[in-house]
Structures are given as structure tokens and as C-alpha cells.
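Participant: The following block contains the structure, expressed as C-alpha cells.
Taken together, the values in this text are just the output of simple stated rules run on the coordinates, not laboratory data. Only a predicted model underlies this, so the values are computations on that prediction, with no experimental measurement involved. All Cβ positions, even for glycine, are placed from backbone atoms using ideal geometry, and neighbour counts span all protein chains on display.
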Amino acid sequence: MSDASIVLVVLAAGTFLLKSAGPLLLGARRLPSSLQGVVDLLPAALLASLAIVSSVGDARSIVLDARIVGIVVAGLALWRRAPFVLVIVLASAATALTRLVT
Amino acid sequence: MQVIEPDATRRRLRRMAISITAAVAPFGIVFGAAASTAGLSVWEAVGYSLFVFGGSSQFAAVEILGDGGSVAAAALAGLLLNVRSLAFGVIMAPALGGALWKRAAMSQLMIDESTAVGTASDDLASRRYGYLVGGLGVFVVWNLTTLVGFVAFSGAGDLIEDLGLDVAGPAAFLALLWPRLADRRQLVVAVAGAVVAVSLVPFTAPGVPILASMSAVMAARAVGPWRPSAPSEASDLSGGQSGE
């Protein structure tokens with residue numbers, strides 16, 4: 001077996017355990033309401049960090065480049081209540097345009 | 001099939017899922033190309049996309065292997081990037097009920113995108129629907145584009161940058177976050193999460209900042225006692241009108 005295949009098997013098995021632990025162990029059981037209050041807030045932290053890290057992160061450094069223009073345009077579009085698809089198109093176009101002219 | 005939610009909600013979720021899926025496609029092509037460059041076979045490349053199914057961890061593992069890294073380093077880096085799916089699982093679990101095998105099957109779709117669409121609604125049926133359309137859409141497209149990228153592309157990385165598509169993901173996450181920000185507690189947590197994540201980027205392995213950002217829920221304590229937030233505010237502002 002090649003190295004890539006060994007990593008594939010290990011990574012796939014480990015990842016599946018991580019992905020399925022919640023649904024398999026908790027099932028549709030309701031969490032106590034105080035804990036549920038915390039869980040309800042997790043997506044806000046996760047979505048914010050995913051958005052910002054992929055906007056300014058580059059491996060282990062912070063890089064401010066054309067992506068910033070895109071994410072700011074996305075913010076403006078959202079503020080103007082633009083639909084989801086348009087937000088993404090405008091953000092990508094703004095970043096592409098910035099790269100073109102700089 | 002539940003019939004409680006209006007079709008409009010499902011249409012909105014489908015539209016979100018389609019945009020997110022489209023945003024993922026170029027990255028699938030890049031992954032396929034990267035796997036080919038790293039010396040994987042086509043079966044291994046598609047195997048990663050089918051069985052690991054987690055963009056950042058696949059990239060990390062394949063990149064480390066391509067650079068001559070050890071099996072342990074590649075597997076560990078990949079796993080570390082997927083630890084957050086444990087949290088996603090806890091968040092999504094109430095919406096993913098059913099027989100054991102069904103829950104296991106649905107869990108395979110537990111990624112950033114499916115969780116993001118899944119948490120864009122309040123009621124469990126809509127959350128499940130959003131999770132499944134988002135997850136299945138990305139799953140199908142990710143695997144197909146992996147194959148296409150492996151067979152047909154190299155240098156696809158330039159294409160992504162030229163078209164500004166590297167900002168499509170972050171923009172989508174911001175758009176999904178946006179409606180939550182109307183709630184003060186959610187806003188505080190989002191800002192704190194962003195600050196925690198960004199400040200850790202220079203010091204930790206990729207993936208750790210996202211994980212650590214979850215500690216930001218503690219910041220909500222400053223605003224008030226724990227209680228299930230009223231998520232009704234969190235869904236309807238999203239994306240403005242669903243029609244264009």
C-alpha cells in the first residue's frame with residue numbers, strides 16, 4: 001500500500017469518527033437548555049472565524065491582499081440586503097478586479 | 001416528509017446550497033490537480049474526496065505527502081483540521097435523527113458548508129433539509145471536480161486567483177453569519193471569535209484558530225446569562241428577498 005493510501009484509510013476513519021460522534025451518540029436527544037444556549041452560539045463563532053481566517057490568513061501568516069476588498073464588498077452588499085448569490089458574485093468580481101488593476 | 005415549512009424556506013435553502021456548491025467547484029479542481037502533482041493515483045485522489053470529504057484536510061494531507069512528509073504527519077494534520085466537525089456534529093445532531101445507519105450516512109456530509117446551510121434556519125426540519133441539500137450538493141460536485149482536476153488540469157490555482165474565487169468561500173460564510181448579527185449576543189460572540197481566530201493564525205497549525213474560536217461563546221456571558229437564544233430573529237433577514 002502506498003503512503004497516500006495509508007493516510008487515506010487512517011484519515012477517513014478518524015474523520016468519520018469526528019463527524020459522526022454527535023449524531024450517533026447524542027442522536028436527536030435534546031441537550032439541557034443551558035448547554036443548548038452555548039451550542040446555539042457556536043455557529044456565530046465558527047462562521048466568523050472561517051470567514052476572517054480565509055480572508056486574511058495564508059498558512060501561518062496574516063496577509064492583507066485583494067481578498068480584503070472582496071470581503072468588504074460582500075459586507076456592503078449584505079448591508080444593502082443583496083441576495084446570497086449576488087453577494088458572492090460581487091465579492092469575487094471585486095477581488096478579481098483588484099488583482100487586475102494592481 | 002414534513003410539510004410544516006413553506007416551500008419558500010426550502011427554495012431559499014436550495015439557492016444557498018447551489019451558490020455554495022458552485023463556489024466549491026474550482027477548489028475541487030485544484031485538489032484533483034494537486035493530488036496528481038503529489039503523485040497520487042486517480043483512485044487515491046477520488047478516494048480522499050469520497051471518504052475523507054473535507055477540503056482543507058485533504059489539501060493538507062496531500063500537500064504534506066507531496067513534500068515528502070511522513071504518513072503520521074500527513075494523517076495528523078488532516079485530522080486536526082477535521083476536529084471542528086466534532087463540534088458541527090453536536091450542533092447538527094438534533095436535526096439529524098433517524099435510524100443508526102441513517103445518522104451515520106448523514107454524518108459523512110458533516111463539513112463547513114453543510115453545517116453553514118443547516119444552521120441558517122430555526123426549525124429542525126429546515127435545518128435537516130439545509131444540511132442535506134448543502135452537503136449532498138457539495139459532495140457530488142467536489143468528487144466530480146476532483147476527477148476533472150486530476151485528469152485535465154494543472155495550474156488551476158492561478159485560475160482561482162484570477163477570478164477572485166478564493167474570496168467566494170469567505171463571502172458565503174459572512175453571508176450566512178450576517179442574519180445572526182441582529183442578535184446582540186451572537187454579534188458579541190462572532191466578533192470575539194474572529195479576534196481569537198485571527199490572533200492565533202501566526203502561532204498555531206492551520207485549523208487550530210477555527211477550533212479555538214469556539215471559546216468565544218464565553219464572551220456571551222458578558223451580555224447576559226446562558227439561555228437558548230431566540231433564533232427566530234436569525235433567519236429572516238438572510239439574503240433579503242429570495243427572488244431576484
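Participant: Return B:19, A:5, A:49 ranked ascending by Cβ neighbour count within 10 Å, so the fewest neighbours appear first.
Facilitator: By the 10 Å Cβ count, ascending, the order reads A:5, B:19, A:49.
Participant: List every DSSP H helix in chain B whose Cα atoms extend 20 Å or more along the helix's own long axis and whose mean Kyte-Doolittle hydropathy is at least -1.0.
Facilitator: Working: long enough: B:7-37 (45 Å, 0.50); B:124-152 (41 Å, 1.14); B:184-200 (24 Å, 1.55).
Long hydrophobic helices here: B:7-37, B:124-152, B:184-200.
Participant: Express in nm, to one decimal, how much length is gained between residue B:163 and residue B:125 on full extension, taking 0.36 nm for each residue of separation and deducting their alpha carbon distance.
Facilitator: Answer, rounded to one decimal: 10.1 nm.
Participant: Which value, in debye to the nearest 20, describes the size of the charge dipole of region A:30-101 about its Cα centre when Lys and Arg Cβ atoms bear +1, Asp and Glu Cβ atoms bear -1, and nothing else is charged?
Facilitator: 120 debye
Participant: A follow-up question, please. Give me the net charge for the shell around residue B:109: Cβ to Cβ below 15 angstrom, other residues only, Lys and Arg +1, Asp and Glu -1.
Facilitator: Details: positive: A:19, B:84, B:102, B:103, B:127, B:128; negative: B:112, B:113.
So the surrounding residues net to +4.
Participant: Helix A:3-21 versus the longest principal axis of chain A: what is the Cα-based angle in degrees, 0 to 90, to the nearest 10?
Facilitator: Tilt of helix A:3-21: around 80 degrees.
Participant: Which length gain, in nm to one decimal place, applies between residue B:67 and residue B:51 when the Cα-Cα distance is subtracted from 0.36 nm times their residue separation?
Facilitator: Between residue B:67 and residue B:51, full extension yields an extra 3.5 nm.
Participant: Taking the Cβ of each residue in B:101, B:178 as the centre, tally the other Cβ atoms inside 10 Å and list the residues starting with the fewest.
Facilitator: The most exposed by this proxy come first: B:101, B:178.
Participant: So what is the relative contact order for chain B, in percent, with contacts set as C-alpha pairs under 8 Å and at least six apart?
Facilitator: 27 percent
Participant: Now a separate question. Can you sort A:19, B:102 from fewest to most other Cβ atoms within 10 Å of each residue's own Cβ?
Facilitator: B:102, A:19
Participant: By its C-alpha gyration tensor, with a ≥ b ≥ c as the square roots of the eigenvalues, how is region B:123-197 shaped: rounded for a/c under 1.5, else prolate for a/b larger than b/c, else oblate?
Facilitator: oblate
Participant: Give the shape of chain A as rounded, prolate or oblate, defined through the alpha-carbon gyration tensor: a ≥ b ≥ c are the square roots of its eigenvalues, a/c under 1.5 means rounded, and otherwise the shape is prolate if a/b is larger than b/c and oblate if not.
Facilitator: On the way: a/c = 2.74, a/b = 1.38, b/c = 1.98.
It comes out oblate by the Cα gyration axes.
Participant: Further question on the same structure: Of B:181, B:168, B:107, which is farthest along the charge dipole of the protein assembly as shown in the positive direction, counting Lys and Arg as +1 and Asp and Glu as -1 at C-beta?
Facilitator: With unit charges placed on the Cβ atoms, the residue in question is B:181.
Participant: Hey, in the GNM for chain B with a 10 angstrom Cα cutoff, which one of B:117, B:138, B:167 fluctuates hardest?
Facilitator: Result: B:167 has the largest fluctuation of those listed.
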